[in-house]
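First the structure, in the form of structure tokens, and then the observations on it.
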Amino acid sequence: MMLLLLPGWAVLAAGASLLCFVPPASAGESPPDVPALKVKAAAGDLDAQFLLGRALLRGEGVPKDLPEAFRLLRPAAESGHAGAMGAYGFMLSRGLGTEKNEGAAIEWLRKSAALGVATSQLNLGIMTLKGLGTPQNTADGLALIEKAANAGQAEAMVRLAEAWHFGEPGLAPDPAKAVLWAEQAAAAGNAQGQNLLGMMRENGLGLTRDYGMAAEWYRKAAVQHHAKAQANLGRLLSNGRGVPMDRGEAWFWLRVSADAGEIISKNFLLELKPALSAA
């Protein structure tokens, strides 16, 4: 029986567009020294208030506590700390630890973005693209996101790739630009960008179709726990497209993806199971 023939792009798209993003710690970033930050934050140190608030927002080195994160970030933001203004605006935009207030979020994100904080430029650009708290403006939104991308913000690169692939209001898709930004995000190690580039390779979208290269990009993202990439890799392994057929490994990646909540992987598993031995 030929298994899992549904096309990767149609079934396993990159996912919902990023909507106001708080970045996780980078690979080389040391975990926060929470006890030391608490002492400094209590003494009014703005950097410590920001770093501790961000740790509480991320749940990094300390249990996630959104109200406490908001409480710490507010005075730092009001005192002019660029990073805190962006994080505070992000929390307002999503209603995290406080009531949602997109209009106020826009103002704080604008202040932070003007000071060069790339994540704030990305979030402000996304809200401008969507018309959240501010009039919808595709050109201005993309310009802000591109600033963040040019500053090295990989999530902004992914958002640009998605915008140029799928289009936005008043913006025609441009496959060449979509590939350009997806390649930059993937090269920067971003799992979403790697999965997106894999789907472009698999389906010949702006690039020559190459199942082998698609599988390579899916694998890079899969080992970073990207559930859609795990499903895509499992699908290729089950069919032997671009990689030697290995239904055992296919089962592994699909199982991991399904356990992470990827619904389509559960359906693939049902289709794959009859072809497997008990071992």
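The values are calculated or read from the model by the stated rules, or taken from the named source; none is laboratory data. Computed from a predicted structure; not experimentally measured. With ideal geometry, Cβ positions are generated from the backbone for all residues, glycine too; neighbour counts draw on all protein chains shown. Side chains included, ligands, DNA and RNA excluded: accessible areas come from the protein's heavy atoms. Shrake-Rupley method; radii C 1.70, N 1.55, O 1.52, S 1.80 Å.
Here are some notes:
- Residue list for region 192-208, restricted to those being open to solvent by 30 Å² or more (accessible area, probe 1.4 Å) and under 15 Å from the mean Cα position of the chain (by Cα): Gln192
- Screening region 257-277 for residues that are open to solvent by less than 50 Å² (accessible area, probe 1.4 Å) and in a helix (DSSP H, G or I) and picking the one that is modelled with the lowest pLDDT gives Ala275.
- Considering (1) farther than 18 Å from Lys228 by Cβ; (2) surrounded by fewer than 16 Cβ atoms within 10 Å (Cβ to Cβ), the lone condition that Gly189 does not fulfil carries the number (1).
- For Ala76: the one exception among (1) under 20 Å from Pro35 (Cα atoms); (2) at pLDDT 95 or above; (3) open to solvent by 20 Å² or more (accessible area, probe 1.4 Å); (4) not polar (S, T, N, Q): (3)
- One residue from Gly89, Gly61, Gly44 being within 30 Å of Leu160 (Cβ to Cβ) and free of Cβ contacts under 8 Å to residues at least 60 places away in the same chain: Gly89
- Entry remark, region 146-163: residues being open to solvent by 40 Å² or more (accessible area, probe 1.4 Å) and within 23 Å of Met213 (Cβ to Cβ) number 0 in total.
- Note on region 132-145: residues that are among the β-branched types (Val, Ile, Thr) and either buried (at least 19 other Cβ atoms within 10 Å of the Cβ) or touching a His at 6+ places or on another chain (Cβ under 8 Å) (or both) amount to 2.
- Note on region 133-151: residues that are farther than 18 Å from Leu196 by Cβ and without any contact (Cβ under 8 Å) to a residue 40 or more places away in the chain amount to 13.
- Residue within region 108-127 that is more than 30 Å from Ala187 (Cβ to Cβ) and either open to solvent by less than 50 Å² (accessible area, probe 1.4 Å) or not in a helix (DSSP H, G or I) (or both) present: yes
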